[in-house]
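Enquirer: Below is one structure. I have some questions about it.
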Amino acid sequence: MTQLVALYPHRGESEEAPNQPFNSAGGNSIYEVDGSHYVNIFSVKRFDTTQLGKAIRSSSKDVSAGSRHLAILSHLVTVNQFPGCTGWTIDTATQDFPMAIMPYFSNGNLAKYVDGKPESEKLYFLASAASVLRGLHDSGIAHGHIAPQNFLVKDDGDVVVSDVLLEITMREEYWRTHGTIPPPSLWQYRPMEELLPPESSSAVVPHSMAGDVFAFGAVTYEILAKKLPSSWHDFTRCSATGRHRLSTIQRPYSIKNDAIWELLRECWRDDPGSRPSMAKVENLLRGFACSF
């Protein structure tokens with residue numbers, strides 16, 4: 001029986017977290033265990049105080065597997081080199097399996113960095129995160145896996161976005177080898193249209209810029225309210241009812257600004273086409289931050 005588990009590395013920490021189920025973990029590292037056959041599809045390892053290594057490798061002796069892994073990694077490197085991204089490079093010294101190198105961010109992820117800071121600073125950094133995501137969208141790229149841990153803070157305080165298209169690519173690879181697409185990890189940030197199975201038998205995993213906007217609204221809610229807008233245990237209910245409507249949740253006491261709450265409700269609209277653009281989200285967040 002094949003088991004799929006994921007390893008969620010906490011940015012800014014030297015130790016990797018214990019294994020978590022694929023549909024509830026960060027999804028940066030995916031291991032497939034099938035009897036004695038072991039495939040390390042994606043792993044993250046800290047090299048030193050400045051670098052992380054991301055690798056794709058397999059116990060398979062098939063030479064074509066390494067070539068395919070390199071092609072996958074090369075595509076991910078390309079999109080993760082866009083302005084505002086963490087910046088990946090291929091390590092040519094690894095002959096046995098391809099590896100990408102990215103900087104290590106000692107400040108950690110966005111949620112960790114702003115925890116305990118005043119609301120004005122939280123809004124400032126959220127606006128910075130919105131700006132880098134808008135830049136991706138302006139380049140025609142949907143991230144596909146927006147969550148607080150995929151926004152990292154540099155030493156100079158700038159925010160960058162990590163793991164662009166990584167989770168989408170890994171789920172599509174899983175479809176290629178298994179014929180099914182697993183549910184998204186960190187599904188609580190995703191709109192209902194991205195939780196449903198693909199409408200066709202192709203390996204196209206649902207993701208869109210409108211889905212990124214929905215997810216960014218959930219990130220903003222979590223950072224301001226210090227809790228997720230939905231329960232970690234609601235995936236079965238959402239799958240059964242076909243509903244993941246954050247637009248119906250009650251406003252928490254911690255979000256006092258009417259305009260901020262209205263922006264979140266716009267991000268969570270059921271109709272993807274009626275959600276605001278990331279440019280609008282960024283502009284409004286900057287205005288909120290300056291109003292303090």
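Here's the yes/no breakdown for (1) surrounded by fewer than 22 Cβ atoms within 10 Å (Cβ to Cβ); (2) assigned by TED's automatic domain parsing to the domain that holds LEU224:
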residue: HIS69; (1), (2): yes, no
residue: ASN80; (1), (2): no, no
residue: LYS117; (1), (2): yes, yes
residue: GLY144; (1), (2): no, yes
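Enquirer: Of all residues in region 71-86, how many are touching a residue at least 60 places away in the same chain (Cβ under 8 Å) and farther than 14 Å from LEU133 by Cβ?
Expert: Residues that pass the stated criteria total 3.
Enquirer: Let me ask you something else. Quick one: is PHE292 farther than 21 Å from HIS145 by Cα and modelled with pLDDT under 95? Before the answer, list the steps.
Expert: Values: farther than 21 Å from HIS145 by Cα: yes; modelled with pLDDT under 95: yes.
Taking the combined requirement at face value, the residue satisfies it.
Enquirer: Sticking with this structure for a sec: Give me the residue from region 161-180 that is of a type in the set (A, V, I, L, M, F, W, C) and outside any loop (DSSP other than H, G, I, E, B) and, out of that set, nearest to ALA129 (Cα to Cα).
Expert: Out of the qualifying residues, it is VAL161.
Enquirer: Would you mind finding the one in ASP96, ASP91 that is charged (D, E, K, R), at pLDDT below 90, surrounded by 15 or more Cβ atoms within 10 Å (Cβ to Cβ) and not assigned by TED's automatic domain parsing to the domain that holds ILE146?
Expert: Step by step, each of ASP96, ASP91 is checked, and only ASP91 is charged (D, E, K, R), at pLDDT below 90, surrounded by 15 or more Cβ atoms within 10 Å (Cβ to Cβ) and not assigned by TED's automatic domain parsing to the domain that holds ILE146.
Enquirer: May I ask you to say which residue of ILE72, ILE101, ILE41, ILE56 is at pLDDT below 65, over 22 Å from GLU282 (Cα atoms), hydrophobic (A, V, I, L, M, F, W, C) and outside any loop (DSSP other than H, G, I, E, B)?
Expert: Of the residues listed, the single one that is at pLDDT below 65, over 22 Å from GLU282 (Cα atoms), hydrophobic (A, V, I, L, M, F, W, C) and outside any loop (DSSP other than H, G, I, E, B) is ILE41.
The values are calculated or read from the model by the stated rules, or taken from the named source; none is laboratory data. What you see is a predicted model; the values in this text were computed from it and never measured. Virtual Cβ from ideal backbone geometry, glycine too; neighbours counted across all protein chains shown.
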